[in-house]
Amino acid sequence: MMIQSDLQTSGGKSNNPVLPFAIITFIYFIVGFLTTVNEQLQAPLKFTFLSHAGSLKNTFTTMITFFFFLGYLLNGTLGSKWVNAFGYKNTILRGLLFMISGLFMYLSSSWFGSQFPDLKFSIKDAVIPFGFLIFVVGSYLMGTAAAIIQVVVNPYAASYEMKGTQPVQRLNILTAINSIGTTSAPFFVTVVMFSGISIESIEIRQLLLPLSMLVLCILVIIVITKKLHLPDIENTRAVGGEKLERSIWSFRHFVLGVLAIFFYVGTEVAIGANINLYAFELMDSGHPISFFGKTDIIIGGVDLGIHALLSTLYWGGFLVGRSVSSFFNTISARTQLIVTTILATILALVSMITQNLWFLVAIGLLHSSMWSCIYSLSIKGLNKYTSKASGIFISAVFGGAIFTLIQGGLADIFGSWRWTWFLTVICELLMLCYALFGSRIREKDLIN
């Protein structure tokens, strides 16, 4: 028997074939929401915890995202081991517990920062509060939670049988819902967490109440998930001590797919996390970003912030693109990836030359389907190797940490964010190479 059923612990089997897919989709929404919340806290923390970070301000700011994705690198394979040992549902529950731990560290950071603002340490000309270090630990735990959960939801969505759909379609539906979370998160940070206050006037204690509410929400989700049925999927994981005959690294299209996703997430996250920092730089130099001729968005006395709008529209492009591409049941993943990478390269070059951030924002529309395309191409034909492959694949999301941090360091070195976006051009071209050549499956890698 190739599967280990979750029926005994689920309280019965659901007759609705859509319900299990809906469950993992909702949980993936939460992951997207909290991932972007973590990124959007970079700018507020730059003005609170890192106001005296000197010449290392951008480097330390991007460390928040770096440690988030470090959780992917170190714990992605842990998720796949748990899937093999405990099944999909129990692995999701463990991931949600890590999420609670990360939010608790955020809470502790906010409390410590507000109660002991004078406890600091120095590196060169940078003075860093200890509360910032606590937040970074929380960011690592949140990244670990996201990695473990994604190890479950990606292969589950790709392998789950739903009539009239293909794997890349199901992944686009899954990631479209995820994008609702990433799209709403920037304004959640701006309006709910900081009450629409101008970013220069933010205080760290304002995080306490909204973070407490998030902890409570995740606790409710854990209780509900524990009671719901999430069936296993046959031939997607090795169980019962079964040994795999081949190394997962022997599949060329998978290995190159891991590299492609490394570069994809690197540029995807770098744009989403750093575009608002670039906007503040332009504003300080006397070139504020305008939206239909306005340089600020104030509704009912609440400053919604152009910087938040940039991120919202960037992630909103993912929502639109994934929603549209979920209907592409006749266009192959390879073709979609070729077209989107070419167009994204052009937009990145135009943005650097013109210093127009809206071209970077538009890349979100093109990035929307890349994850689904690369993932489905990478695991195609792997069968029982799928679960193990997913863990390694998720570890490659660490690219989001590497490129965000490198770009922050380059911004400090160059004294500007403008030409750092050549990193995006490099990433897009490497993904194009994967679509054209690396995604082809060798005959010896075909599994009967």
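Against the definition (aromatic (F, W, Y), over 25 Å from K226 (Cα atoms) and part of a loop (DSSP other than H, G, I, E, B)), how does F112 come out, yes or no? If you could, list the steps in order and put the result at the bottom.
On the way: aromatic (F, W, Y): yes; over 25 Å from K226 (Cα atoms): yes; part of a loop (DSSP other than H, G, I, E, B): no.
Judged against the criteria, F112 is not a match.
Find the residue count for the stretch 427-448, including only residues that are at pLDDT below 95, in a helix (DSSP H, G or I) and open to solvent by 60 Å² or more (accessible area, probe 1.4 Å).
Residues that pass the stated criteria total 3.
Could you check L74 against (1) open to solvent by 40 Å² or more (accessible area, probe 1.4 Å); (2) at pLDDT below 80 and say which number it fails?
Among (1) open to solvent by 40 Å² or more (accessible area, probe 1.4 Å); (2) at pLDDT below 80, the lone unmet condition for L74 is (2).
Where the second residue is of a type in the set (G, A, S) and at pLDDT below 80 and the first is closer than 17 Å to T35 by Cβ and open to solvent by 10 Å² or more (accessible area, probe 1.4 Å) and lies in the stretch 183-196, which pairs have Cβ atoms under 6 Å and are six or more apart or on separate chains?
F187/A308; T190/G305; T190/A308
On the basis of being of a type in the set (A, V, I, L, M, F, W, C), open to solvent by less than 40 Å² (accessible area, probe 1.4 Å) and modelled with pLDDT of 85 or more, does F403 make the cut?
Criteria met by F403.
Please find, within the stretch 324-361, the residue that is surrounded by the most Cβ atoms within 10 Å (Cβ to Cβ) out of those that are outside any helix (DSSP H, G or I) and of a type in the set (S, T, N, Q).
That would be S326.
Can you tell me which residues in the stretch 115-164 are in a strand (DSSP E or B) and not small (G, A, S)?
Residues satisfying the conditions are K120, F121, I123, V127, I128, P129.
From the list F112, F116, exactly one residue is surrounded by fewer than 16 Cβ atoms within 10 Å (Cβ to Cβ) and of a type in the set (F, W, Y). Which is it?
The unique qualifying residue is F116.
In the stretch 77-109, which residues are open to solvent by 40 Å² or more (accessible area, probe 1.4 Å) and charged (D, E, K, R)?
K81, R94
Starting from residues that are modelled with pLDDT of 75 or more and farther than 28 Å from R334 by Cα, keep the ones in the stretch 231-279 and report whichever is most open to solvent (accessible area, probe 1.4 Å).
Going through the qualifying residues, I end up with E245.
Under 6 Å between Cβ atoms, at least 6 apart or on separate chains: pull out the pairs that start in the stretch 45-72 with a residue that is aliphatic (A, V, I, L, M) and end on any residue that is open to solvent by 10 Å² or more (accessible area, probe 1.4 Å).
Filtered contacts from the stretch 45-72: L50/K57; L50/F60; A53/F60; L70/Y140.
Name every residue in the stretch 131-158 that is open to solvent by 30 Å² or more (accessible area, probe 1.4 Å) and of a type outside the set (V, I, T), in order of residue number. Steps first, answer last, please.
Filtering the stretch 131-158 down to residues open to solvent by 30 Å² or more (accessible area, probe 1.4 Å) leaves 133-134, 137, 140-141.
Passing the criteria: L133, Y140, L141.
Going by the structure shown, is I173 under 30 Å from L19 (Cβ atoms) and within 14 Å of the chain's Cα centre (by Cα)?
In short, no.
Any chance the stretch 153-175 includes a residue that's at pLDDT below 80 and among the charged types (D, E, K, R)?
Yes, the stretch 153-175 contains a residue that is at pLDDT below 80 and among the charged types (D, E, K, R).
Any residue in the stretch 344-373 that's without any contact (Cβ under 8 Å) to a residue 24 or more places away in the chain: show its pairings with residues that are small (G, A, S) at Cβ separation under 6 Å, as long as the two are six or more apart or on different chains.
If the second residue must be small (G, A, S), the pairs left are L347/A362; F359/S351.
Cβ-Cβ distance below 6 Å, separation of 6 or more or different chains: which pairs start in the stretch 418-433 with a residue that is under 14 Å from I261 (Cβ atoms) and end on one that is exposed (fewer than 15 other Cβ atoms within 10 Å of the Cβ) and modelled with pLDDT under 95?
Every condition considered, no pair remains.
The values are calculated or read from the model by the stated rules, or taken from the named source; none is laboratory data. Computed from a predicted structure; not experimentally measured. Note that we place each Cβ from the backbone using ideal geometry, even for glycine, and neighbour counts take in every protein chain shown. These accessible areas exclude ligands, DNA and RNA; they are computed on the full protein's heavy atoms, side chains included. Shrake-Rupley method; radii C 1.70, N 1.55, O 1.52, S 1.80 Å.
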